[in-house]
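The block underneath contains the structure these notes are about, expressed in structure tokens.
The values are calculated or read from the model by the stated rules, or taken from the named source; none is laboratory data. Predicted model only: the values in this text are computed from it and were never measured. Neighbour counts run over all protein chains shown; Cβ positions are idealised from the backbone, glycine included. SASA here: full protein model, heavy atoms, side chains in, ligands and nucleic acids out. Shrake-Rupley method; radii C 1.70, N 1.55, O 1.52, S 1.80 Å.
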Amino acid sequence: RVDLVTLGETMGLVAATDTGSFTVGAPARVSFGGAETNVAIGVSRLGHRAAWIGRLGDDPLGLLIASALRGEGVDVSRVTFETEVPTGLMLRERRTADRVRVSYYRRGLAGSRLAPDDVDPELVRAARLLHVSGITPALSPSARAAVHRAVEIARDAGVLVSFDLNYRAALWSPAEAGAELATLVERADLVFAGEDEAALVVGEGSVAHLAKGLASRGPTQVVIKRGGDGAYALIDGEVVTSPALPVTLVDPVGAGDAFVAGYLSALLDGLSPADRLRRGNVCGAFSVSVSGDWEGLPRRRELATLDSAENVAR
Ligand code: ATP
């Protein structure tokens, strides 16, 4: 029995460590990333049991991802390995000190083959939360169907459905995404979105308008992630806000997933709305101040680290 089940695509990552274009012999760091596994790792590090459902290639990257997730305590027992197509890959260049360029090699590859039969109903029914993102439905018709199957099973069983809009412009148009994201908002209990993402569903407006618009479609917990401005939420009809923590920005990628992991772990702990937002912001702050999509996510005993004015923790 796990606390959180999630599903989606996770890819290998080769990230150049120097600034500039990729060149022969450039130093690089090998890792992996995927919005849903980032959340699963964050929740697991905070002491809850998380499971990830997805497809990987039967290749070195697939094995690297599965073993790293296992090492993080994430249940990968429902992961399957494709022999016909490889694991997807992201190449990340730090093109200039301020501009990161990511190239994706994912179309038709293992992650996009996710299908409804991959969703183990017993695993979902026994969980406390199902978490899905708006990336997965953009990958392929079968991946979209898998998300809907998981959501349907969770709703029928009374398992809370958490949904991060996570709009990816490279995968689909705003119009195509807007309709699908709206459908998932209507089926979710918790919704996480950036302001631009919320506007795809409810139209442009103030943060209050965006949160109200999303909540009017059904979810009882709507959280708008606002980068360095923290978070604005509408939870059971009440507005709650929480500021970001002052930290040095090193790598913005993965902050949204870190926030979600923090919020969901606090919900699993039975904390108040304000404390859920606070933990989301703490995890977001850890994420942006360490390089890597998920590497900086805190363990439970580290949560108070950023509260101290001391630079050295002993
Ligand atoms: P992603 O790049 O992962 O898609 P996102 O756009 O979903 O991120 P953001 O709103 O950028 O999410 O950031 C999520 C959370 O991370 C914020 O709500 C905040 O808690 C934290 N965060 C982001 N940027 C900063 C910052 N500069 N300083 C402190 N905290 C930050």
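Per-structure values
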item	result
The chain: most fluctuating residue of 139, 171, 181 per GNM, C-alpha cutoff 10 Å	171
Area accessible to solvent at residue 155, 1.4 Å probe radius, in Å²	130 Å²
Linear extension gain, residue 170 paired with residue 304, 0.36 nm per residue minus alpha-carbon span	44.5 nm
DSSP-defined beta bridges in the chain - what % are antiparallel, rounded to 5	45 percent
FRET efficiency estimate (nearest 0.05) - Cβ-Cβ, residue 17 to residue 125, R0 35 angstrom	0.20
From phi via Karplus (6.51, -1.76, 1.60), per-residue ³J(HN,Hα) for the range 295-311 in Hz, x at Gly/Pro	4, x, 4, x, 7, 4, 5, 8, 4, 8, 3, 6, 6, 7, 7, 6, 6
Accessible-area composition of the chain, carbon plus sulfur, in percent [1.4 Å probe]	50 percent
Ranked packing of 3-9, 81-87, 249-255, 93-99, most packed first, by mean Cβ within 10 Å	3-9, 249-255, 81-87, 93-99
For residue 105, solvent-accessible area (1.4 Å; no DNA, RNA or ligand), Å²	110 Å²
Between the range 202-223 and the range 54-71, the Cα center-to-center distance that results, in Å	37 Å
For the chain: accessible area per residue (Å², 1.4 Å)	43 Å²
Descending semi-axes in Å of the range 258-314, equivalent ellipsoid built from Cα gyration tensor	19, 14, 9
Descending semi-axes in Å of the chain, equivalent ellipsoid built from Cα gyration tensor	26, 25, 20
Bins of 5 Å from zero: percent of alpha-carbon pairs in the range 193-283	3, 15, 26, 25, 19, 9, 3, 0
